[in-house]
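J.: Quick one: structure below, then a few questions.
The values are calculated or read from the model by the stated rules, or taken from the named source; none is laboratory data. Everything numeric in this text was worked out from a predicted model, so none of it was measured. Glycine also receives a Cβ, built like all others from the backbone with ideal geometry; neighbour counts cover every protein chain displayed. Accessible surface areas use protein heavy atoms only, side chains included; no ligands, DNA or RNA. Shrake-Rupley method; radii C 1.70, N 1.55, O 1.52, S 1.80 Å.
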Amino acid sequence: MVITVGLIGNPNVGKTSIFNRLVGARQYVANWPGVTVSKIEGATTWKNDTLHVIDLPGTYSLTSQSTDEKITRDFLFFSPPNVTVVIADSINPEQSFYLLIEALELNSNAILAMNSIDEAKKLGIKINKFELQKHFGIPVVFTSAKTGEGIDELKDLIVEVAKGKHSKKVIFNYEEFENIILEIEKQIPNNMYSNKRFAAIKFLENDKDIREKLLPIIKIEKDILEKAQSSIPSIRYSHVENIIKEAYSGKSLNIQRNI
Ligand code: GDP
Ligand code: K
Ligand code: MG
């Protein structure tokens, strides 16, 4: 079968390096519709299947604000690939895991590639793969685009996920906002969004497009909306911090946030 694969991740985590490891020179570059951002695609044959891989623009979040965020968000939202590979920086995982949670809220056909594992090893950082798999509910692979470690395993996992062999789904809980999310989901008209929970969460987070489309439809108090907008990212970060605490040991990490 032909399997479409979207590579996402923060800027500079190694998306293009992994893309090149996956498809080699078999790639072509176009532009995303309406903007000058490059669309890089390529294909490779792996065992009995074809992997059609798309290197998406780097992003810290799937809330549509910048052009790069909007391209990546819209692609995953409106033309979801069969498999999403979230590429994380093993030595600075916080923002990578934040994006991963958002990606899982959108679609759970995903794989976590813990990249730059060569550097993590050098620094004495120990990462428990099983803890990551348990908390995120998806397969995890340690990769190095520098040495090639984990690339064949990643290709095997892509095929397995595409064929439905890993279908566990983890719901990340937003505490006191869960009832509000459910209430918004109920008010979203059918056929408007394929994933109502994601649309409801993004509405609360003030995603520009979704907020504009839903504001005339959804009944919600203004102060609840304002509180949710700042609380949802904080709750998501607290999930990330707990997971890092469970899965990481060894050298302490250099934590850096851009959102
Ligand atoms: P992108 O912005 O996510 O596409 O990241 P790039 O693929 O352009 O990589 C950013 C930088 O990280 C480059 O200098 C790469 O050589 C380096 N890099 C990518 N993957 C790895 C890896 O697994 N190990 C190491 N040591 N460096 C890597
Ligand atoms: K890097
Ligand atoms: Mg790149």
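J.: Could you give every pair whose Cβ atoms fall below 7 Å, whose first residue belongs to the stretch 89-102 and is at pLDDT 95 or above, and whose second residue is β-branched (V, I, T) and within 13 Å of ligand 2 (Cβ to nearest atom), counting only separations of at least 6 or pairs across chains?
T.: Short answer, once both residue conditions are applied: D89/V13; S90/I117; S96/V13.
J.: Among the residues in the stretch 42-64, are any within 16 Å of ligand 3 (Cβ to nearest atom), in a helix (DSSP H, G or I) and without any contact (Cβ under 8 Å) to a residue 40 or more places away in the chain?
T.: no
J.: Only one of (1) open to solvent by less than 10 Å² (accessible area, probe 1.4 Å); (2) more than 30 Å from G250 (Cα to Cα) is not met by T84, so which one is it?
T.: So T84 meets the others, but not (2).
J.: Give me the pairs: first residue in the stretch 171-200 and on the phi > 0 side of the Ramachandran plot and of a type in the set (D, E, K, R), second residue surrounded by 11 or more Cβ atoms within 10 Å (Cβ to Cβ) and modelled with pLDDT of 95 or more, beta-carbon distance under 8 Å, and six or more apart or on different chains, which are they?
T.: Qualifying pairs under 8 Å: E175/I235.
Rundown of residues vs (1) touching a strand residue (DSSP E or B) at 6+ places or on another chain (Cβ under 9 Å); (2) open to solvent by 10 Å² or more (accessible area, probe 1.4 Å), yes/no style:
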| residue | (1), (2) |
| --- | --- |
| L56 | yes, no |
| L62 | yes, no |
| D68 | no, yes |
| R73 | no, no |
| E94 | no, no |
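J.: Suppose we keep only residues that are in a strand (DSSP E or B) and within 14 Å of ligand 1 (Cβ to nearest atom) within the stretch 23-33. Which one would you say is surrounded by the fewest Cβ atoms within 10 Å (Cβ to Cβ)?
T.: V29
J.: Looking at the stretch 24-37, can you tell me whether even one residue there is of a type outside the set (F, W, Y), within 13 Å of ligand 3 (Cβ to nearest atom) and in contact with a Pro (Cβ under 8 Å, 6 or more places away or on another chain)?
T.: yes
J.: Here is a follow-up. Look through T36, T4 and report the one residue that is open to solvent by 20 Å² or more (accessible area, probe 1.4 Å), out of contact with any Leu (no Cβ under 8 Å at 6 or more places or on another chain), assigned to a strand (DSSP E or B) and away from ligand 1 (no atom under 11 Å from the Cβ).
T.: Step by step, each of T36, T4 is checked, and only T4 is open to solvent by 20 Å² or more (accessible area, probe 1.4 Å), out of contact with any Leu (no Cβ under 8 Å at 6 or more places or on another chain), assigned to a strand (DSSP E or B) and away from ligand 1 (no atom under 11 Å from the Cβ).
J.: Under the condition of being surrounded by fewer than 24 Cβ atoms within 10 Å (Cβ to Cβ) and not in a helix (DSSP H, G or I), which residue from the stretch 11-22 is nearest to ligand 1 (Cβ to nearest atom)?
T.: G14
J.: Identify, please: which residue in the stretch 118-143 is closer than 19 Å to S17 by Cβ and open to solvent by less than 10 Å² (accessible area, probe 1.4 Å) and is, among those, farthest from ligand 1 (Cβ to nearest atom)?
T.: V140
J.: Continuing with the same structure: Give just the number: which of (1) more than 16 Å from ligand 2 (Cβ to nearest atom); (2) open to solvent by less than 20 Å² (accessible area, probe 1.4 Å); (3) under 13 Å from the mean Cα position of the chain (by Cα); (4) modelled with pLDDT of 95 or more does N109 not satisfy?
T.: So N109 meets the others, but not (2).
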